[in-house]
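Encoded as C-alpha cells, the structure appears first; notes follow it.
Every number here is computed from the coordinates shown, using simple stated rules; none is lab data. Here the structure is a predicted model, which means the values were calculated and not measured.
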C-alpha cells in the first residue's frame, strides 16, 4: 500500500480500530481452537483443557464488553456524570471487592481520601475507573508493591492521585499507556483487554477532567487526575 | 457598571444556558437508559440530578433578574435577556419530564413490559436529543432557518407518540401489561413535550433575531 492509499482522519482511525479489534480477538480464538484440538487427543486431561477454554471465552467476553462500553461512552449513550459522588466509600468498596486478589498478588492497598471529597461522575463510572486502575496494578505492579489512592481539594478542583511503587513501565511506553489495546507487556503473558486505561481516560475526560501518567521501569506508575469540584449556583 | 462588563455578564449567562442544555441532555439520555435497562438505581440518579438542574435554573434566573434590574438593557440586548429567561424555563421543564420518565421507570419495575415499545422509545429519544442540540446550536448561532427545522423534527416525534397510543390500545387483555402500557403513554407524552420545548426554544431564536415573536406552527396552540 502506498502512502496515498493509506486511509486518513476519522476513516483511518476507524479502519485502525477494526483491525486492532480483529487482531485482539484472533489471539484468544486461536488459543481456544488449539485447546479444543488438544482435547481430541488421547490421554489428555480434558477437564483441565475445558477450564482453560472457559478462561479464553471469559477473556473474549470481557474484550467485547469493554469495546461496547467504550463505544457507548464515545457516542454519549452512556452518561458519565450526573452530579457528584463521594469518593471515599467507593475506594473502600473497590478495595474490599479486590481484597482476595490483592492478597494473592501480594499487593498492598492504601488510601488517603478525606471524607466529603466528591467527584463529578456517577457511582458506576467511579467504580469502573478505580477498578480498572487497581486491575492494572494487580496485573503489572508485581509482588510486594503497594497501590495507593490519594485525593485532595485544590482550589476549584479535586486532585486524585492513584499510584503503585511496583515494576513500572519503560519510560518510552508511558505516553502510550492510555492508548487502546496498548500493553507494555508485549509478550502478552498477563491477561487483560488493553482497554482499561483507555476507558479510564475517556471517563475522566467526559467528567471535564484531565488525566496524566508518569513512571519508569522500577519506579512504579503514577496517575494524576484533576476534576472539577462543585461550585455555587451564582452565575454572575 | 461599564458596558463591556455588562456584555461579559451576558456572555457568561449565555454560556451557562448552553451548559444547562448539556445537563438536560444527560438527564434525558440517562432516563431513557434507565427505562430501557429497567435500572431503578439509574432512575434514582436522574431524579436526584434534577436538583442540580433546578439549582442552575435558579442561578440563571437570578443572574438574568440582576442584569435587568441593574443594567436596563435595550434593543437586541434586552431581547437576548428575555429570550434567555424563556430558554432557561424550557430547559428546566425538560428536566422535569426526564424526572417523570425516571419515576415511571421505577413504578413499572414489577410490571410485564413490551420490549418492542421500549425499543421504539430509544428512537424517539434520539430524535428528542437531536432536537435539543439543534435548538441550542441555532440559539447560539442566531440561525433562524435552522431553528425552523425543529418543526419538521417535532412532527416525527408527534407521529411516534400517536403510534405509541395505538400500540398500547392493541396490547390486549393482560392487566399488568395494560397498566405498564398506560404508564408508557405518559413516558411517550414526556418525550413529545421535550420536543415541544425544543421548538419553543427555536421560537425564542427567531424572536431574538427578528424582534417579533411568532409561533412556528398553529399546533402549539393546543399544547399544555
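On a C-alpha basis, how far is the centre of the stretch A:91-132 from the centre of the stretch B:155-224 in Å? Whole number, if you could?
43 Å
In whole Å, what are the extents of the protein assembly as shown along the principal axes defined by its C-alpha atoms, from largest to smallest?
Dimensions of the protein assembly as shown along the principal axes of its Cα atoms: 84, 64, 55 Å.
Only bridges with both residues in the protein assembly as shown count here: give the DSSP antiparallel percent, nearest 5.
On the way: 24 of 29 bridges.
Roughly 85 percent of the DSSP beta bridges within the protein assembly as shown come out antiparallel.
Gaussian network model of chain A, Cα springs within a sub-10 Å range: biggest mean-square fluctuation belongs to which of A:105, A:171, A:30?
A:30
Translational diffusion coefficient, Stokes-Einstein: compute it for chain B using the Kirkwood radius over C-alpha pairs as Rh, at 37 °C and 0.692 mPa s, and state it as an integer in µm² s⁻¹.
On the way: Rh = 18.3 Å.
This corresponds to a translational diffusion coefficient of 180 µm²/s.
Hey, what's the Kirkwood Rh for the stretch A:85-228 if you take every pair of different alpha carbons, in angstrom?
15.2 Å
For the stretch B:1-92, take N as its residue count and report Rg(C-alpha) divided by 2.2 N^0.38 Å.
1.32
Which value does Rg/Rh take for the stretch A:139-217 over its C-alpha atoms, Rh per Kirkwood?
0.98
Which semi-axes, in whole Å and largest first, does the equivalent ellipsoid of the stretch B:52-92 have when worked out from the alpha carbon gyration tensor as the square roots of 5 times its eigenvalues?
Largest first, the stretch B:52-92 gives 20, 12, 4 Å.
How long are the three semi-axes of the equivalent ellipsoid for the stretch B:140-193, computed from the Cα gyration tensor as the root of 5 times each eigenvalue, in whole Å, largest first?
33, 10, 4
With everything on Cα atoms, drop me the angle between helix A:123-140 and the longest principal axis of chain A, reported from 0 to 90° to the nearest 10.
50 degrees
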